Amino acid sequence: MRLSNMNTPRHRRQGRGLHRAAAIGSLLVLGQSAYAETKAAAAEEGVQEMPERVMTIRSRSLRAETVSSATLTNMKTEEVPQTVNVITRDLMDSKGSDSLVEALRMDSSVNTGGDMLLSRTADQYTIRGFAGSDVQIGNMPLPRGMGYGMDTSLIENIEIVKGPIGSISGGQTSTLGAYGAGGSINLILKEPDFLERTELTAYARLSHHGQKYRATIDDTRYRGDETNGFALRTVVAAEYERPFWLSNGANGGQKYTVSPIFRWQHDSRTKTVLTTSFQYQNSPTTMGIPVLGGHFVGPYDAWYGSPSGRLNSKSLLAMLDFERKLEKIWTIRIGGGIGYSDVDYNVWGISSSAGRGTSTADYYNQMIASGKAKYEAAWSDEWNINWNFYSNALAEFKTGQVKHEALMGVSYTGSSTYGDGSSLVTNATANTNGYFSLYNPPPFFPAGRDYSGANATDTVVQRAGFLLQDVLSYGQWRFLAGVRGDAHFSLDNNYAFAWSPRFGITRMFGERVALFANAARTSAPNFGYLDENGKELTDSWRTDQMEFGFRVSPVDKVWFSASWFDIIQNNTPVAIDGYTNRYYSDGSKRAEGVELSLNGEITKNWSSYLSYTYTRTKNRTTGEVYPTIAPNALALWQKYRIDGGLLNGTVLGLGYRCKDSYYATFRGAKIADNYTIPSYSVFDFTVEIPLPESKWLKDATLRLAVYNIFDKKYVQSTRHAVQCTVGEPRTFEVGLKTTF
């Protein structure tokens, strides 16, 4: 279990993922009395008794029984005094989500600022209308590129903690914004257990002009047992994809992932886990297409690029965690990690701005009328390194009738970004005053690369912090109180200290009803922004949340949850009129809304997952109220297993996602009343058919699927109104999964 987050620079988001919730214990006991008699007889005859062995199997459910990221302790999901949504391994498998971006679409409160790594906000995820912290594995905030491109083959669960989470992970400073206000995304990676097996998954997906092929191997080997042994789990994934929008004879993309995970069980109370991962991606680049005036401008499958526009991304991750349960009340955890990514790309696409002298609205109106736009060449060659070291101690004890889980910890995190990059609006080639057609995109015009240092990036952000927290249980009551203090250090040798406290309460009524409420604050300095005199801002932004709600279990193994939230963020950077890179700290924003979920097994054969969020956003600086994200968003997945008859064991899946229309913005401001991103509804359907068992096929299933059944054209993410990533058209899949 990891304790602290890292404060990252411009390109990354934090998240928290602390325990690996990968297995459920299963022990077959023949009878207590028989066991006692056998034990006594063995003692009398001097026979050495073998230790009991607890076998583990993987949890297969659309609902997680426990979560760890919200409290740093394993706590029943219904008892946590805060909203935590979990994308389980079963949901990812059922839905066919093999990338983190795709998996997170099943949480209705999460949005991304662009599905391509070329966007500055690609791996920035907003939660409840505010920027979340960096995606995180344990204590390790992922460097740029990894938070976007993480392969889900490594992930057991994704825990999304809602609201300011600075009391656990701390706030972030970044030149892209105040991160950590909306919540955190925490990846719980797979961990070796003592059950030898090999799983193979492969599929082919075909759409109009698009194709994708993928294979994954998940292998576990071990020696010894869970009281003294060693286990190795290796996950390997490979895929080839030719997107439906690719043209001009360009090659498709490849992606490879190799992740060996080692577990050393010293004894029943001590273990060490080493997690390593290498990922490589080479793919064609795109900035998306324009969506102006509430509709698509230009072809849905347009590619404003060329064969020379490529993305090359390499990343390495290594984390070491040691856990020791002492004799009485203490559990000690110590560890650290390092993440590295190398991102290199060339891209050619539509420019979001026409340059000085023309307003954004006028430029976009002209684009609609003429079907032409200015284009932009951009490149990047950047290295990113994140690191983290932590130590914490958990004490479990009682004072009278009150049970305590007291946590104390310290941590040090840091991140460094170094490299070069540029963006150039191209006017040099004459074509209707420098404008090019949206319907017949021009070929790539290389702008060259300038490594003179004029476009260099060199950013280092560090943070040292401590955490104090106590989770108290008294009868049907659960109380949470905690605070985190962080000292932040910037590259300009500036220093700032920030406090992030929170309180929470849950009242259980039996085992099926719970009421909960919380109040939380996250704070961090505005490093990375310059004031009117060219000096770095050092004052801090603050975000406060109030939330209350209830949870009800109408039947066994299913819970319905409803919560109301109100989040206010103050003192964020606001651009000074007449400047492009000067700010003052007076920005204020508010998001309030309702979040609903229904997860679990409604019947023995019927499993359900539902996530719905209503959000109302307000710019408190200007007083404007308008939706910057979809006001209403819904993600639904239903799974049903057929028992008996010719279709015995067949599993049917049906999914539905929809989002309201919302306003397109430029640098955070609404463009015009008619500039909206259109609403959409998408349906998916899957069938998993069990295959007869053979020497080479065990627990094998044939998978057939249709995604986007009605071939809906829709925008799945956007950075600017002219840089919108569109959803896949109707896609057919055939796949095989087996164990041997």
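Under 8 Å by Cβ, and 6 or more places apart or on different chains, what pairs join a residue from region 326-337 that is touching a residue at least 24 places away in the same chain (Cβ under 8 Å) and farther than 24 Å from Trp387 by Cα with one that is among the charged types (D, E, K, R) and assigned to a strand (DSSP E or B)?
Close Cβ pairs (under 8 Å, with a partner that is among the charged types (D, E, K, R) and assigned to a strand (DSSP E or B)) amount to Ile329/Glu396.
Given (1) surrounded by fewer than 16 Cβ atoms within 10 Å (Cβ to Cβ); (2) in contact (Cβ under 8 Å) with a residue 40 or more places away in the chain; (3) closer than 30 Å to Thr603 by Cβ, identify the lone condition not met by Asp492.
Against the list (1) surrounded by fewer than 16 Cβ atoms within 10 Å (Cβ to Cβ); (2) in contact (Cβ under 8 Å) with a residue 40 or more places away in the chain; (3) closer than 30 Å to Thr603 by Cβ, Asp492 comes up short only on (3).
Within region 689-740, can you find the residues that are within 30 Å of Ile368 (Cα to Cα), among the small types (Gly, Ala, Ser) and assigned to a strand (DSSP E or B)?
Ser717
Residue by residue through region 194-217, note down the ones that are under 30 Å from Thr272 (Cβ atoms), aromatic (Phe, Trp, Tyr) and surrounded by fewer than 18 Cβ atoms within 10 Å (Cβ to Cβ). Spell out how you get there, then give the answer.
From region 194-217, those under 30 Å from Thr272 (Cβ atoms) are 194-201, 216-217; that's our starting set.
Those left that are additionally aromatic (Phe, Trp, Tyr): 194.
Listed by number, the list is empty, since nothing qualifies.
So, in region 403-448, how many residues would count as being modelled with pLDDT under 70 and part of a strand (DSSP E or B)?
Selection size over region 403-448: 4.
Test each condition in (1) outside any loop (DSSP other than H, G, I, E, B); (2) crowded, with 21+ Cβ neighbours inside 10 Å; (3) touching a residue at least 40 places away in the same chain (Cβ under 8 Å); (4) hydroxyl-bearing (Ser, Thr, Tyr) for Thr220 and report the one that comes out false.
Tallying (1) outside any loop (DSSP other than H, G, I, E, B); (2) crowded, with 21+ Cβ neighbours inside 10 Å; (3) touching a residue at least 40 places away in the same chain (Cβ under 8 Å); (4) hydroxyl-bearing (Ser, Thr, Tyr), Thr220 fails exactly one: (3).
Would you please name the residue that is nearest to the chain's Cα centre (by Cα), looking only at residues in region 134-174 that are polar (S, T, N, Q) and assigned to a strand (DSSP E or B)? Spell out how you get there, then give the answer.
Step one: list which residues in region 134-174 are polar (S, T, N, Q), which gives 136, 139, 152-153, 157, 167, 169, 172-174.
Right, trim to assigned to a strand (DSSP E or B) and you get 136, 157.
On the way: Gln136: 8, Asn157: 10 Å.
For region 134-174, the residue satisfying everything is Gln136.
Working only within region 581-590, note down all residues that are within 30 Å of Val86 (Cβ to Cβ) and either surrounded by fewer than 19 Cβ atoms within 10 Å (Cβ to Cβ) or at pLDDT 95 or above (or both). Walk me through it before giving the result.
Filtering region 581-590 down to residues within 30 Å of Val86 (Cβ to Cβ) leaves 589-590.
Within region 581-590, just Arg590 meets the criteria.
Considering only residues that are in a loop (DSSP other than H, G, I, E, B) and surrounded by fewer than 22 Cβ atoms within 10 Å (Cβ to Cβ), which ones fall in region 515-555?
First, pick out the residues of region 515-555 that are in a loop (DSSP other than H, G, I, E, B): 526-529, 531-535, 537-539.
Residues satisfying the conditions are Gly528, Asp531, Glu532, Asn533, Gly534, Lys535, Thr538, Asp539.
Buried (at least 17 other Cβ atoms within 10 Å of the Cβ), within 30 Å of Gly409 (Cβ to Cβ) and charged (D, E, K, R) - does that describe any residue in region 341-360?
No; the residues of region 341-360 include none that is buried (at least 17 other Cβ atoms within 10 Å of the Cβ), within 30 Å of Gly409 (Cβ to Cβ) and charged (D, E, K, R).
Can you tell me how many residues within region 383-403 are surrounded by 17 or more Cβ atoms within 10 Å (Cβ to Cβ) and farther than 24 Å from Gly336 by Cα?
The total comes to 0.
Which numbered condition trips up Lys698, out of (1) closer than 29 Å to Phe740 by Cβ; (2) surrounded by fewer than 18 Cβ atoms within 10 Å (Cβ to Cβ); (3) modelled with pLDDT of 90 or more?
(3)
With the requirement that a residue be β-branched (Val, Ile, Thr) and either touching an Asp or Glu at 6+ places or on another chain (Cβ under 8 Å) or buried (at least 19 other Cβ atoms within 10 Å of the Cβ) (or both), what does region 592-626 give you?
Hits for region 592-626 are Thr613, Thr615, Thr617, Thr621.
In region 254-297, how many residues are of a type in the set (Val, Ile, Thr) and more than 15 Å from Asp321 (Cβ to Cβ)?
The initial filter retains those residues of region 254-297 that are of a type in the set (Val, Ile, Thr), namely 257-258, 261, 270, 272-273, 275-276, 285-286, 289, 291, 297.
Add one more test, that the residue is more than 15 Å from Asp321 (Cβ to Cβ), and what stays is 257-258, 285-286, 289, 291, 297.
Counting residues in region 254-297 that are of a type in the set (Val, Ile, Thr) and more than 15 Å from Asp321 (Cβ to Cβ) gives 7.
For the condition modelled with pLDDT of 95 or more and not aromatic (Phe, Trp, Tyr), what is the one hit in Arg333, Arg356?
Numbers: Arg356 fails: modelled with pLDDT of 95 or more.
Residue meeting the stated conditions: Arg333.
Quick one: is Val460 farther than 27 Å from Thr73 by Cβ, under 26 Å from the mean Cα position of the chain (by Cα) and not in a loop (DSSP other than H, G, I, E, B)? Even if it seems obvious, please write down each step before you answer.
On the way: farther than 27 Å from Thr73 by Cβ: yes; under 26 Å from the mean Cα position of the chain (by Cα): yes; not in a loop (DSSP other than H, G, I, E, B): yes.
So Val460 passes the test.
Quick check: is even one residue across region 230-240 surrounded by fewer than 18 Cβ atoms within 10 Å (Cβ to Cβ), modelled with pLDDT of 90 or more and over 29 Å from the mean Cα position of the chain (by Cα)?
yes
Is there any pair linking a residue in region 259-287 that is without any contact (Cβ under 8 Å) to a residue 40 or more places away in the chain and over 12 Å from Glu191 (Cα atoms) to one that is in a strand (DSSP E or B) and among the β-branched types (Val, Ile, Thr), with Cβ under 6 Å and at least six apart or on different chains, and which?
Phe278/Val258
I'm checking my understanding of the structure. Among residues of region 64-102 that are in contact with a Leu (Cβ under 6 Å, 6 or more places away or on another chain) and of a type in the set (A, V, I, L, M), which one is farthest from Ala204 (Cα to Cα)?
It comes out as Leu72.
Taking the options Ser283, Ser308, Ser247, name whichever one is modelled with pLDDT under 95, farther than 21 Å from Met146 by Cβ and in contact with a strand residue (DSSP E or B) (Cβ under 7 Å, 6 or more places away or on another chain). Step through it out loud before you land on a result.
On the way: Ser283 fails: farther than 21 Å from Met146 by Cβ; Ser247 fails: in contact with a strand residue (DSSP E or B) (Cβ under 7 Å, 6 or more places away or on another chain).
So the residue among Ser283, Ser308, Ser247 that is modelled with pLDDT under 95, farther than 21 Å from Met146 by Cβ and in contact with a strand residue (DSSP E or B) (Cβ under 7 Å, 6 or more places away or on another chain) is Ser308.
Condition first: part of a loop (DSSP other than H, G, I, E, B) and not polar (S, T, N, Q). Now tell me which residues in region 466-493 satisfy that.
Those that are part of a loop (DSSP other than H, G, I, E, B) and not polar (S, T, N, Q): Gly475, Leu491, Asp492.
Given the structure, is Ser588 over 19 Å from Arg542 (Cα atoms), part of a strand (DSSP E or B) and more than 23 Å from the chain's Cα centre (by Cα)?
Numbers: over 19 Å from Arg542 (Cα atoms): no; part of a strand (DSSP E or B): yes; more than 23 Å from the chain's Cα centre (by Cα): yes.
No, not satisfied.
Which of the strands (runs of 3 or more DSSP E) found entirely inside region 259-367 contain at least 2 residues meeting this: more than 22 Å from the chain's Cα centre (by Cα) and within 27 Å of Ala378 (Cα to Cα)? Don't jump to the end; show me each part of the working.
On the way: elements: 270-284, 310-325, 330-350.
Strands (runs of 3 or more DSSP E) meeting the threshold: 330-350.
Could you say whether any residue in region 713-724 is free of Cβ contacts under 8 Å to residues at least 40 places away in the same chain and under 21 Å from Leu246 (Cα atoms)?
The answer is yes; a qualifying residue exists.
The values are calculated or read from the model by the stated rules, or taken from the named source; none is laboratory data. Note that this is a predicted model, so its numbers are computed, not measured. Every residue, glycine among them, receives a Cβ derived from its backbone with ideal geometry; neighbour counts consider all protein chains shown.
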